[in-house]
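The values are calculated or read from the model by the stated rules, or taken from the named source; none is laboratory data. Since the model is a prediction, treat every value here as computed from it, not as a measurement. Every residue, glycine as well, gets a Cβ built from its backbone with ideal geometry; the counts of neighbours run over all protein chains shown. What goes into the accessible areas is simple: the full protein's heavy atoms, side chains included, and nothing from ligands, DNA or RNA. Shrake-Rupley method; radii C 1.70, N 1.55, O 1.52, S 1.80 Å.
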Amino acid sequence: MTDSTDGHLYAERLQLHPIGPESAVDLSTGGAGGFDWVADGPYEGTRDACTMAAKAAQAGVFAPRWGVYAVVRTEDGAAVGGIGFHGPPSEGSAEIGYDLAASQRGRGYATEAVAVISAFALDQPEVDVVVAHTEPGNTASQAVVVRAGFVRDGEGEDGLFRFVLRRG
């Protein structure tokens with residue numbers, strides 16, 4: 001993982017581009033946010049995350065490094081999904097969420113993006129653990145986090161499976 005001064009995170013086949021407030025507003029209202037999306041993107045979770053980012057910016061609490069990123073293929077510049085944090089770290093923990101356009105699943109992009117954003121988080125002194133939650137029936141998402149090094153750590157009160165990746 002390479003973390004650049006422009007806030008982008010880089011992996012072997014992907015770049016994670018931070019989605020700023022203006023792009024988040026555009027994406028939350030059905031636009032492209034300035035990205036060249038694959039035909040079936042962005043997916044609903046990315047739009048929902050952008051709605052939260054836009055609200056955070058409006059409230060004056062937007063934290064760019066702990067927000068939403070577009071998952072962009074290096075080979076052609078196409079945005080294939082979204083990934084990001086559910087806000088800044090709290091009590092040593094950072095929670096992530098992600099989605100991909102349906103046409104881009106099964107290619108390892110989600111695993112690569114999860115690994116990169118998790119490495120970034122764990123490289124920050126205020127983060128000791130990265131958390132991801134999945135629906136019990138979403139075995140594909142569970143496989144993504146396990147391939148990225150997460151281990152199952154119980155079940156939340158909401159019934160979601162909890163996975164964690166700890167520092168060291």
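Taking all protein chains together and a probe of 1.4 Å, list Leu165, Leu27 from the most accessible to the least accessible.
Putting Leu165, Leu27 in descending order of accessible area: Leu165, Leu27.
Run the accessible area of the chain with a 1.4 Å probe and give the carbon-and-sulfur part as a rounded percent.
Taking all protein chains in place, the chain shows 50 percent carbon and sulfur surface.
Does segment 10-71 classify as rounded, prolate or oblate by the C-alpha gyration tensor (a ≥ b ≥ c root eigenvalues; a/c under 1.5 gives rounded; else a/b over b/c gives prolate, otherwise oblate)?
oblate
At q = 0.12, 0.18 Å⁻¹, what log₁₀ I(q)/I(0) does segment 91-168 have when each alpha carbon counts as one equal point scatterer in the Debye sum?
Cα-only, vacuum Debye calculation for segment 91-168: -0.31, -0.70.
By the scheme Lys and Arg +1, Asp and Glu -1, what is the net charge of all other residues having a beta-carbon under 13 Å from that of Thr46?
Here the count lands on -4.
With N residues in the chain, what two-decimal value do you get for its Cα radius of gyration over 2.2 N^0.38 Å?
0.96
Where does the charge balance sit around Phe62 when Lys and Arg score +1, Asp and Glu -1, over other residues with C-beta under 12 Å from its C-beta?
+1
What value, in deg cm²/dmol to 500, does the helix sum -39500 (n - 2.57) over DSSP H runs of n ≥ 4 give at 222 nm once divided by the residues of the chain?
Rounded to the nearest 500, it is -8500 deg cm²/dmol.
Using alpha-carbon positions, what is the distance between the centroids of segment 59-111 and segment 122-136, in Å?
13 Å
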